[in-house]
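Enquirer: Here you go, one structure.
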Amino acid sequence: MNFKTQWFDRLPSTNTFLKERLELEPALSSGTIVAAREQTQGRGRREREWLTAANENLTFSLFLRTVSKPWKIPSATMAVAVAVSELLDAEGVKADLKWPNDVLVGGKKICGILSEAVSGGVIIGIGLNVNMGNAEHIDQPATSVLMESGERRSIDDLLEKLLPILSDRLGEWEQGGFSKVRKKWEQKVPTLGKTVKVRDGDAVRVGILCGFGDDGELLLEEQGVVSSVWAGDLEG
Ligand code: BTN
C-alpha cells in the first residue's frame, strides 16, 4: 500500500478534515494520511471527545479506498488495531485487543480507532497515546507509551514505524478480508474463551466469547447457542 502523509500543526479533527478533503477531491488516492500534532475537536466513538495536546499523541486519519460490501468494512478497523498492537509490542509495550477496535495495555486504553464510511471507502482515524503524562483528564482507564515505558517517543518516528506494519495488515485484509488477520487478532484477545458482557445500547448480553466470524463479528455462546454480535461494546 502506498501512503502519502501530510502533517498539520493543528486541526479540529483529522477525520473531519479528511472527509472534507475527499468531498472536494473524490479521486483522492487510497493511503492518503492526514496527521495533526494537536487536535482541538477530535471525535471518538459514541459521540465522545478525543482531544490531543500539542505533540503529545499520534493522531491521524487514513483514507482506504475499497469496494467491499458495507458489512465487511468494520473489520478493516480491526486490521488497523492489530497493526497498532504489533507496533507497541515492537516498542516493548505489550498490547492486547478489545473488540471492536480498542488497543489496551494492562486493561487500560492506549489507542482508540474511529472509522467512518465515506463515498468510495472508509476513513480510519487513529489516536495512539504516546507522550501523555497522566490520564487524570480521561473518563475511562487510559495509559500511554510514556506511562508504560517511562520514555518519551517521537510521534513522527512512531508513525514511520507503523506504516509498513499497517501496509501488511491492510494488504492482508484487502486480499482476503478479516479471515486473513483473524489469527493475529485472536492471539491478542485475553478474554477469548471467557465469560464476557456485551452492551448494545441498554441491552447487555452475557456469554462466552468463543471467537470472531469472517467479517469480524463477535461470536457469543449463550446457553450452548452461538450467535453473531455485529455491534456493541465489551464491558469489563
Ligand atoms: C474511540 O472512541 O476510541 C475512538 C477515538 C478515535 C480518535 C481518533 S484521533 C484521530 C482521528 N480524528 C478524530 O477526530 N478521531 C480520530
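Conditions (1) in contact (Cβ under 8 Å) with a residue 12 or more places away in the chain; (2) within 13 Å of the ligand (Cβ to nearest atom), marked per residue:
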position: Cys111; (1), (2): yes, yes
position: Ile126; (1), (2): yes, yes
position: Glu136; (1), (2): no, no
position: Ile155; (1), (2): yes, yes
position: Arg169; (1), (2): yes, no
position: Gly177; (1), (2): yes, no
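Yes/no per residue for (1) touching a residue at least 60 places away in the same chain (Cβ under 8 Å); (2) under 26 Å from Phe178 (Cα atoms):
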{"position": "Lys4", "(1), (2)": "no, yes"}
{"position": "Glu20", "(1), (2)": "no, no"}
{"position": "Gln41", "(1), (2)": "no, no"}
{"position": "Ala54", "(1), (2)": "no, no"}
{"position": "Leu58", "(1), (2)": "yes, yes"}
{"position": "Lys69", "(1), (2)": "no, yes"}
{"position": "Ser75", "(1), (2)": "yes, yes"}
{"position": "Val80", "(1), (2)": "yes, yes"}
{"position": "Leu104", "(1), (2)": "no, yes"}
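Enquirer: Yes or no: the stretch 145-167 includes at least one residue that is polar (S, T, N, Q), surrounded by fewer than 15 Cβ atoms within 10 Å (Cβ to Cβ), within 25 Å of Ala36 (Cα to Cα) and modelled with pLDDT under 95.
Expert: No, the stretch 145-167 has no match at all.
Enquirer: Next up: Would you list the strands (runs of 3 or more DSSP E) that sit entirely within the stretch 157-236 and hold 2 or more residues that are of a type in the set (S, T, N, Q)? It would help to see each step written out before you state the result.
Expert: Values: elements: 195-200, 203-212, 218-222, 225-229, 233-235.
Per the criteria, 225-229.
Enquirer: If you don't mind, another one. Which residues, counting only those in the stretch 82-97, are assigned to a helix (DSSP H, G or I) and either in contact (Cβ under 8 Å) with a residue 40 or more places away in the chain or touching a Leu at 6+ places or on another chain (Cβ under 8 Å) (or both)?
Expert: Passing the criteria: Val82, Ala83, Val84, Ser85, Glu86, Leu87, Leu88, Ala90.
Enquirer: Which of the residues spanning the stretch 21-59 are more than 19 Å from the chain's Cα centre (by Cα) and charged (D, E, K, R)?
Expert: Arg21, Glu23, Glu25
Enquirer: Tally time: how many residues in the stretch 105-134 are over 19 Å from Val80 (Cβ atoms) and over 19 Å from the mean Cα position of the chain (by Cα)?
Expert: 3
Enquirer: Given the conditions (1) at pLDDT 95 or above; (2) away from the ligand (no atom under 13 Å from the Cβ), report the number of the one that Ala81 does not fulfil.
Expert: If we test Ala81 against (1) at pLDDT 95 or above; (2) away from the ligand (no atom under 13 Å from the Cβ), just (2) comes out false.
Enquirer: Condition first: more than 13 Å from the ligand (Cβ to nearest atom) and farther than 23 Å from Ala79 by Cα. Now tell me which residues in the stretch 22-57 satisfy that.
Expert: Glu23, Leu24, Glu25, Pro26, Ala27, Ala54, Asn55
Enquirer: Across the stretch 69-78, what is the number of residues that are surrounded by 17 or more Cβ atoms within 10 Å (Cβ to Cβ) and either within 8 Å of the ligand (Cβ to nearest atom) or in a loop (DSSP other than H, G, I, E, B) (or both)?
Expert: 1
Enquirer: May I ask you to list the residues in the stretch 185-205 that are under 21 Å from Arg46 (Cβ atoms) and either without any contact (Cβ under 8 Å) to a residue 40 or more places away in the chain or out of contact with any strand residue (DSSP E or B) (no Cβ under 7 Å at 6 or more places or on another chain) (or both)?
Expert: Residues satisfying the conditions are Lys197, Val198, Arg199, Asp200, Gly201, Asp202, Ala203, Val204, Arg205.
Enquirer: Now for a separate question. Determine whether the stretch 206-228 contains at least one residue that is closer than 30 Å to Ala35 by Cα and not charged (D, E, K, R).
Expert: Yes, the stretch 206-228 has at least one match.
Enquirer: Given the residues Phe17, Phe60, which is the only one that is within 13 Å of the ligand (Cβ to nearest atom), in contact with a Leu (Cβ under 7 Å, 6 or more places away or on another chain) and over 23 Å from Val103 (Cα atoms)?
Expert: Working: Phe60 fails: over 23 Å from Val103 (Cα atoms).
Checking each option against the conditions leaves just Phe17.
Enquirer: So which residues in the stretch 212-236 are of a type in the set (Asp, Glu) and within 16 Å of Val181 (Cβ to Cβ), if there are any at all?
Expert: Asp214, Asp215, Glu217
The values are calculated or read from the model by the stated rules, or taken from the named source; none is laboratory data. Everything numeric in this text was worked out from a predicted model, so none of it was measured. Every residue, glycine as well, gets a Cβ built from its backbone with ideal geometry; the counts of neighbours run over all protein chains shown.
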